[in-house]
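Reading through the structure tokens given below for one structure.
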Amino acid sequence: MTRVFPSLILAALLFEIYSVLPLRVTEYDEGSPPYIAGSVHVALSPGSARQPILDQIAAAAERSRLGFVVLATQDKTLPESVAGTRRGVDFYPEMEISTPSGHALVFFSHTAAATLAGPRIRELGWNHFLGKESRAGMFVVAAHPSSVFHPWERLDRMPEGVELINLRSLVERHAFDSPLSFALTLAVSPFNPYLGALRLYQPFSRDFVGWDATNTVNPGHFGIVATDDLSDWPGLNRFGLLFPPVNQTLAVASTIVFPDGPLSTNFDQRRKQVYRSLREGKSALLMQAIHPFEGNDWTMTCGKKEYRSGDKFALREPGCEFVIRTPDTLPNRKRLVLLRDGEAVAEIPAARQVERVPVDKDGAYRLEVWVKQASLFRVLMNREVPYLLYNPLYVR
């Protein structure tokens, strides 16, 4: 009897840990628009930009079905040879700069600033944010705004984009705000890295509140998910977390970009296409560890015209509606949240593949798709996780 009880406890613990597992999707729903998935803000130092490391990142990106990777160094430029296509994945080298307001990701490799030295890029990126100096096509993203160590301080002013979800910040916040819960996550992750990722994937509402408020009065600021990792945290990857090593991090989340027209076969032109759509907010934030993007779509139809994230539309006729498509292959219980100017105007416990919501007011609209994730005994996991977050569509 004394041996039976510990065995039952161990069995219950194993059932709890392995009751939440990733899907093995082999058939994909149709209905999603043309898109390209990418990983933004993959941290890399100039010294580590060697072919074996780049090949490792390319292989991980290929496994995760990504089309591009945005590499980011800290206040230094990468060699020109880093830019290019490896294993069908485009590599775009950019720079994360340190500024008086916090860290910022500068997208410059597609502009005339590509030949400038690191210190000059840093100066130019800050001046661009202040509106003093720039280069045609350049844009800036507020990096890890809720970082424990380097938070973004200028909430009165926002650059073109913001890292609404930064995987590094999620780990840091979880470790510092909930140390006991974080310890449990570390204990669970070697056995079930997917469950560890779900426990860590808790975006900060403050970032979304500030973003929504900015877009309400000044439309056009886009949000991305940044796959910034914690490879510089000594030994953390030994715990099996999906977030730290880049080859695992790329499988967690991605930024989905909706390009205008077919992608070019030319690398430089393709990069400009992707960046133009990203800058215009024609994108979404996806936790692809839960389910791929296929089968999803969110549009506004008005007469014979169709609009998506990043579009601006003047509402002049009745009968316009949002059409929301979610994949049948996603078995989780779904909840759709439609927001206008940061306030929820419709919550739909989605049971059908296609849902429709009428549009009759102006505002900055965006859609969130949440899924319920629960372990067997509801101890290690029992909450909703943001599976898909679309950038705003502006009705004026």
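The values are calculated or read from the model by the stated rules, or taken from the named source; none is laboratory data. A quick note: this is a predicted structure, and the numbers were derived from the prediction, not measured. Note that we place each Cβ from the backbone using ideal geometry, even for glycine, and neighbour counts take in every protein chain shown. Surface accessibility is based on the protein's heavy atoms, side chains included, excluding ligands, DNA and RNA. Shrake-Rupley method; radii C 1.70, N 1.55, O 1.52, S 1.80 Å.
Applying a 10 Å radius around every beta-carbon, put 103-109, 338-344 in order of their mean neighbour count, most first. Before the final figure, lay out the partial values.
Details: 103-109: 25.0, 338-344: 16.1.
Output ranking for 103-109, 338-344: 103-109, 338-344.
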Legend entry - Accessible area per residue, Å², the chain with all protein chains present, probe 1.4 Å: 44
Legend entry - Order by protection proxy (mean Cβ within 10 Å, highest first), peptides 49-56, 94-101: 94-101, 49-56
Legend entry - Computed over region 103-195, Kirkwood Rh from alpha-carbon pairs, angstrom: 15.3
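How long is the gain from E384 to D156 if the chain were fully straight, where each residue apart is worth 0.36 nm and the alpha carbon distance is subtracted?
Working: separation 228, 0.36 × 228 = 82.08 nm, distance 3.07 nm.
Value of the extension gain: 79.0 nm.
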Inset, instruction - May I have the convex hull volume per residue, in Å³, for the Cα set of region 247-396? - result: 140
Legend entry - Globularity index of region 256-326, i.e. its alpha-carbon radius of gyration over 2.2 N^0.38 Å: 1.29
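Roughly what % antiparallel, to the nearest 5, for the DSSP beta bridges in the chain?
On the way: 57 of 79 bridges.
The antiparallel fraction comes to roughly 70 percent.
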Inset, instruction - Please list, or write none, the lysines whose alpha carbon is within less than 20 Å of the alpha carbon of K372, excluding same-chain residues fewer than 8 places away. - result: K334
Inset, instruction - Starting from the residue with the highest accessible area, list E27, E294 in decreasing order, probe 1.4 Å. - result: E27, E294
Legend entry - Label-point separation in nm, F313 to F204, each point 7 Å along Cα→Cβ: 3.4
Legend entry - Test item: Cα-centred dipole of region 257-299, Lys/Arg +1 and Asp/Glu -1 on Cβ, debye: 240
Legend entry - Calculated Cα extents along the principal axes in Å (choose from [x] 76, 57, 40; [y] 71, 45, 41; [z] 55, 53, 45), label: [x]
Inset, instruction - Report the one residue of L367, P386, A344 whose Cα lies farthest in the direction of the positive end of the charge dipole of region 334-395 (charges on C-beta: Lys and Arg +1, Asp and Glu -1; origin at the Cα centre). - result: P386
Legend entry - Candidate lysines - alpha carbon under 19 Å from K312, same-chain residues fewer than 8 apart omitted: K282, K304, K361
Legend entry - Backbone HN-Hα couplings from phi across region 34-50 [Karplus 6.51/-1.76/1.60, Hz, Gly and Pro as x]: x, 8, 9, 9, x, 10, 9, 6, 7, 5, 8, 9, x, x, 9, 7, 9
Legend entry - Residue-averaged 222 nm ellipticity for the chain, from DSSP H runs of 4+ at -39500 (n - 2.57), nearest 500: -7500 deg cm²/dmol
Inset, instruction - Could you check how much of the accessible area of region 1-137 is carbon and sulfur, as a whole percent, using a 1.4 Å probe? - result: 58
Legend entry - Which of H41, H110 is most accessible, then next, and so on - probe 1.4 Å: H110, H41
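Give the carbon-plus-sulfur fraction of the accessible surface of region 330-392 in %, rounded to a whole number; probe 1.4 Å, heavy atoms of protein chains only. Walk me through the intermediate numbers first.
Numbers: 1380 of 2910 Å².
Here carbon and sulfur together make up 47 percent of the probe-accessible area.
Short version: what are the Cα gyration tensor semi-axes of region 1-131, square root of 5 times each eigenvalue, largest first, in whole Å? Kindly include the intermediate steps, with their values, before the conclusion.
Working: eigenvalues 349, 88, 50 Å².
Taking √(5λ) for each eigenvalue gives 42, 21, 16 Å, largest first.
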Legend entry - Most to least packed among 169-178, 303-312 [average Cβ atoms within 10 Å]: 169-178, 303-312
